[in-house]
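The structure appears below as structure tokens.
Each value in this text was obtained by applying a stated rule to the coordinates, not by laboratory testing. Keep in mind the model is a prediction, meaning the values are calculated, not measured. Backbone-built Cβ (ideal geometry, glycine too); neighbour counts: all protein chains shown.
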Number of protein chains: 2
Amino acid sequence: MNIEEMIKNKNLRLTVARTELLEMLLKQSKPICYEDIKEYMTMDKATFYRNISRFEEEEIVHSFEANDKKRYFEIKIDKHPHFMCNYCHKIECITDPHTPLLEGYIVESVMFKGRCSACQ
Amino acid sequence: MNIEEMIKNKNLRLTVARTELLEMLLKQSKPICYEDIKEYMTMDKATFYRNISRFEEEEIVHSFEANDKKRYFEIKIDKHPHFMCNYCHKIECITDPHTPLLEGYIVESVMFKGRCSACQ
DNA sequence: TTAACTAATGCGACTAAGTCGCATTTAAGT
DNA sequence: ACTTAAATGCGACTTAGTCGCATTAGTTAA
């Protein structure tokens with residue numbers, strides 16, 4: 001599925017900003033925040049956040065708050081847990097398919113925090 | 001170990017604010033943010049955050065950022081995973097002892113997000 | 001094509017959690 | 001009690017993210 005379809009399938013208007021934003025998100029290998037990519041985008045900050053919120057509603061994007069008080073985003077395909085290092089603050093994707101289950105809950109995402117391999 | 005010992009053992013000065021803060025934290029059954037308890041405390045906001053940071057350095061307190069952009073705190077005894085509901089935004093402690101391991105990482109905390117039992 | 005309608009955008013102002021600087025107070029050793 | 005350094009309260013500040021509003025641009029139908 002291409003970017004145009006991703007947008008149209010959700011009955012969203014196809015705009016330059018939305019196309020640019022999805023291209024950007026698809027390019028990443030890990031979650032990013034606004035600061036990380038603002039210099040590579042032409043859209044305004046408000047437009048960025050409004051579109052991110054829209055994409056979240058439509059379940060195209062997943063986000064979470066990191067301990068640096070910034071919101072991080074990634075495309076919601078290939079769902080996987082994340083690891084956030086408490087020492088170097090790097091965020092990594094966990095590819096280990098062994099995602100834990102919790103009785104009584106529907107787990108939609110998992111975040112591990114601790115010391116990453118580089119910080120040991 | 002009582003509160004006075006907890007503070008003295010870390011070579012911290014025993015102050016009214018610190019005692020009050022630890023009493024407050026020990027009373028909770030789940031993580032709390034400043035807003036949750038400010039009305040029950042006499043100390044200033046700056047003092048609260050400074051002492052929380054100090055307690056974190058001394059590993060008395062654990063904190064994390066929730067999706068409401070607020071920082072949540074709890075006493076760092078009896079470490080356990082947490083569950084944050086994406087729908088009612090409630091934070092719960094997971095008592096299930098089955099905490100997952102990750103090869104190559106030292107996991108210090110785990111946060112699950114999704115739909116809690118009340119929201120199904 | 002064009003017209004008309006509505007949603008999306010950019011901009012500047014605003015919000016609020018958390019931090020900082022500094023003058024004052026207080027804990028703790030002598 | 002006296003001294004000294006650390007802790008506190010207060011107000012000002014920072015900054016990620018949001019809001020209001022005037023303008024622009026997709027989309028649908030004629």
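What to note about this one:
- For A:V61, residues with placed amide H under 5 Å, excluding near neighbours: A:E56, A:K76
- Pairwise centroid distance, computed over Cα atoms, of the stretch B:1-50 with the stretch A:2-33, Å: 45 Å
- Seen from B:T47, the other residues with C-beta closer than 14 Å to its C-beta sum to a net charge of +4, counting Lys and Arg as +1 and Asp and Glu as -1.
- Anisotropy class of the protein assembly as shown from Cα gyration tensor, a/c 1.5 cut: prolate
- Spin-label model distance (nm) - B:I3 vs A:E103, 7 Å beyond Cα toward Cβ: 3.7 nm
- Here chain A is treated with +1 on each Lys and Arg Cβ and -1 on each Asp and Glu Cβ, and its dipole about the Cα centre works out to around 280 debye.
- Gap separating the Cα centres of the stretch A:54-99 and the stretch B:79-120, nearest whole Å: 15 Å
- Residue-averaged beta-carbon neighbours from other chains (10 angstrom radius) around A:82-91: 2
- In chain B, the longest principal axis of the Cα atoms and the axis of helix B:45-57 are about 70 degrees apart.
- In plain terms, the bigger the Kirkwood radius, the slower the diffusion; for the stretch A:3-75, with that radius from Cα pairs, at 37 °C and 0.692 mPa s, Stokes-Einstein puts D at 265 µm²/s.
- Whole-Hz ³J(HN,Hα) from phi, Karplus 6.51 cos²θ - 1.76 cosθ + 1.60, for the stretch B:34-43, glycine and proline x: 3, 3, 4, 10, 4, 6, 9, 10, 9, 6
- Dipole magnitude for the protein assembly as shown: about 480 debye, using +1 per Lys or Arg Cβ and -1 per Asp or Glu Cβ, origin at the Cα centre.
- Among A:I37, A:I52, A:I106, the largest mean-square fluctuation in a Gaussian network model of chain A, built with springs joining Cα atoms closer than 10 Å, belongs to A:I106.
- Shielding by partners - mean other protein chain Cβ count within 10 Å, residues of A:111-119: 6
- Sequence-distant residues sharing a close amide H with B:H80 (under 5 Å, placed H): none
- For B:C88, the label point sits 7 Å beyond Cα toward Cβ; its separations from the matching points on the remaining copies run 4.1 nm, from shortest to longest.
- Proximal charge balance of A:K70 [Cβ under 11 Å; K/R count +1, D/E count -1]: -2
- Chain B, relative contact order in percent, only Cα pairs under 8 angstrom and at least six apart counted: 19 percent
- Degrees, to the nearest 10: A:16-27 long Cα axis against longest axis of chain A: 30 degrees
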